[in-house]
Structure formats: C-alpha cells, structure tokens
Amino acid sequence: MKKRGRKFIILLAVLLPVLTGILILRKDIRINPVLVGGYELRGVDVSHYQGAIDWEELARQDLDFAFIKATEGSGHLDECFYDNWKAAGETELYIGAYHFFSFDSAGETQAQFYIDTVGDLSGKFAPVIDVEYYGDKKNNPPEKAEVVRSLRELLLILEEEYQVKPIIYTTRSAYKDYLEGEFTDYPLWVRSVYCPPSFLFGDDWTFWQYTDTAVLDGYQGDEKYIDMNVFRGTRKELEALLVDL
C-alpha cells in the first residue's frame, strides 16, 4: 500500500501541472491575478463602456494610474473622454489618453485628431496608440507594409508634438502580424489575460493588461468589468513616461 501510495503521489505531481497548463490554454482558468502580486504599481484603462465614473472612489482602490480612451481613427471621439479626463486629473492618479488606431485612416489625420482633442499633455503620460484587430480585420488583414507606414507616420507626428515616444498597446495577433521587429524603441503595453506576457511577447514589455474581468467600485456603465494593468518598474521609471511640464 505504501508503494502504491508513493506511485499515486508521483503520478499526481506529474499530472497536476500538465492539467493546469491545459486548463490555462483552454482559458478555463486565469492565473494572472495571482502572478501580479509582485508588481508595485497598478492601474486601469477605461472608455465609455464604464459609463459615468466616480474617479475619487475609483482611485481609492489601490490604483496608481489610469488610461482613458480619447479618440479613434480620424473622427470618433469617446463620448466620456472629456468628463473622464477632467475628473481623473483632479485625483492623484497618473493619467494618460489613448487612441484606437484605425487601419482605414491615414496616420497623419489620426495624429492631428488626437492632438486637437487631447491638447496639452504636460504631466500626463505619453500618448498611447491601441493597435488591435477590429470588425473583420483579423479575417481580412490589411497589408503589413501599409499598416506599418501609417502607424509610423502617426507615431512620429505625436512624438514631434509631445517630445516623448508614444506608448503602443497591442494584442498578441496584431503584434505578430504588424509590430514585432518594427517598433522596438517604443514602450510596449501588452494584453495577456490568460497567462504571463512573457509567454506571448517575450520580455519586451512595459505595461501588462492582465485581466479584463476585474470588478471595482465607482462606475455605472453597461460593462460591469474593468481592465486592470501593472507597470513593470519603479515609480521613478513610471514618471519617466510622463510628458515634461
């Protein structure tokens, strides 16, 4: 019996990690909320989906920073941006405004729309450009050369305007298809909600969106969940990403 017991324990020790890995790959379990405990700085990203936000209440929930959706393409303004921008700016959070990149619009006009909408970023994060598939783009991906050209144009105009390198947010599929090896000198914010980002992006990342199913107090939108992120570094390193006053 003792020998059988030892064999069972050994078998269990072998099978448990394998089973856990399978469940993670199948997206049946999420281990990220446990793994982020070692990161000092965490924050949220929001858009109109969170509706009206009580920023004072939200900021009290152990948050250090927040990214707020501002613009999309060359003409779509997030309906909650101005309210969020003003109210969040009155808290002690580090804040930034992000732009949803359009595959169907010129980089120059997208950059100008962001600049006209957001304006001065003194003391705020560098502009963030969200590059991910939308609509039918994943099934009908645009030509890489054209996307890279348009995105580079957008980034360079923003960098010239704000004198700081923009931050690029991306998903695994968009990263592999368009970004990998192309924009290596820009801070990278990655989405990896089922596993550590090193599995999907290697070690080249600055922010990690680790879950899209967090629930916090302080917002009243149709979406009950809120995205959570961590910063890979110290507070001083985080402040280095702010636009100079």
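Give me the helices (runs of 4 or more DSSP H) completely within the range 75-186, filtered to those with at least 2 residues that are modelled with pLDDT of 95 or more and touching a Pro at 6+ places or on another chain (Cβ under 7 Å), ordered by residue number.
Where helices (runs of 4 or more DSSP H) fall fully within the range 75-186 and carry at least 2 residues being modelled with pLDDT of 95 or more and touching a Pro at 6+ places or on another chain (Cβ under 7 Å), they are 144-162.
For residue 136, state whether it is farther than 21 Å from residue 230 by Cα, without any contact (Cβ under 8 Å) to a residue 40 or more places away in the chain and in the same structural domain as residue 228 (by TED's automatic domain parsing). Please lay out each step first, then the result.
Working: farther than 21 Å from residue 230 by Cα: yes; without any contact (Cβ under 8 Å) to a residue 40 or more places away in the chain: yes; in the same structural domain as residue 228 (by TED's automatic domain parsing): yes.
In short, yes.
Yes or no: residue 216 modelled with pLDDT of 95 or more and assigned to a helix (DSSP H, G or I)?
no
For the structure I just gave you, tell me whether residue 157 is in the same structural domain as residue 67 (by TED's automatic domain parsing), touching a Ser or Thr at 6+ places or on another chain (Cβ under 8 Å) and surrounded by 15 or more Cβ atoms within 10 Å (Cβ to Cβ).
Considered against the rule, which asks whether it is in the same structural domain as residue 67 (by TED's automatic domain parsing), touching a Ser or Thr at 6+ places or on another chain (Cβ under 8 Å) and surrounded by 15 or more Cβ atoms within 10 Å (Cβ to Cβ), residue 157 comes out as no.
Any residue at all in the range 142-161 that is polar (S, T, N, Q) and either without any contact (Cβ under 8 Å) to a residue 12 or more places away in the chain or out of contact with any Phe, Trp or Tyr (no Cβ under 9 Å at 6 or more places or on another chain) (or both)?
no
Within the group 198, 192, which residue is loosely packed, with under 15 Cβ neighbours inside 10 Å, under 19 Å from the mean Cα position of the chain (by Cα) and within 27 Å of residue 232 (Cβ to Cβ)? Outline the logic, then answer.
Details: 192 fails: loosely packed, with under 15 Cβ neighbours inside 10 Å.
The match here is 198.
Check the range 198-205 and report whether any residue there is out of contact with any Asp or Glu (no Cβ under 8 Å at 6 or more places or on another chain), within 23 Å of residue 103 (Cβ to Cβ) and assigned to a helix (DSSP H, G or I).
Checked the range 198-205: at least one residue is out of contact with any Asp or Glu (no Cβ under 8 Å at 6 or more places or on another chain), within 23 Å of residue 103 (Cβ to Cβ) and assigned to a helix (DSSP H, G or I).
With 97, 111, 174, 145 as the choices, which residue is crowded, with 16+ Cβ neighbours inside 10 Å and over 17 Å from residue 76 (Cα atoms)?
174
The values are calculated or read from the model by the stated rules, or taken from the named source; none is laboratory data. Keep in mind that this is a model prediction, so the values were computed, not measured. When we count neighbours, we look across all protein chains shown, and the Cβ atoms used for this are built from the backbone with ideal geometry, even at glycine.
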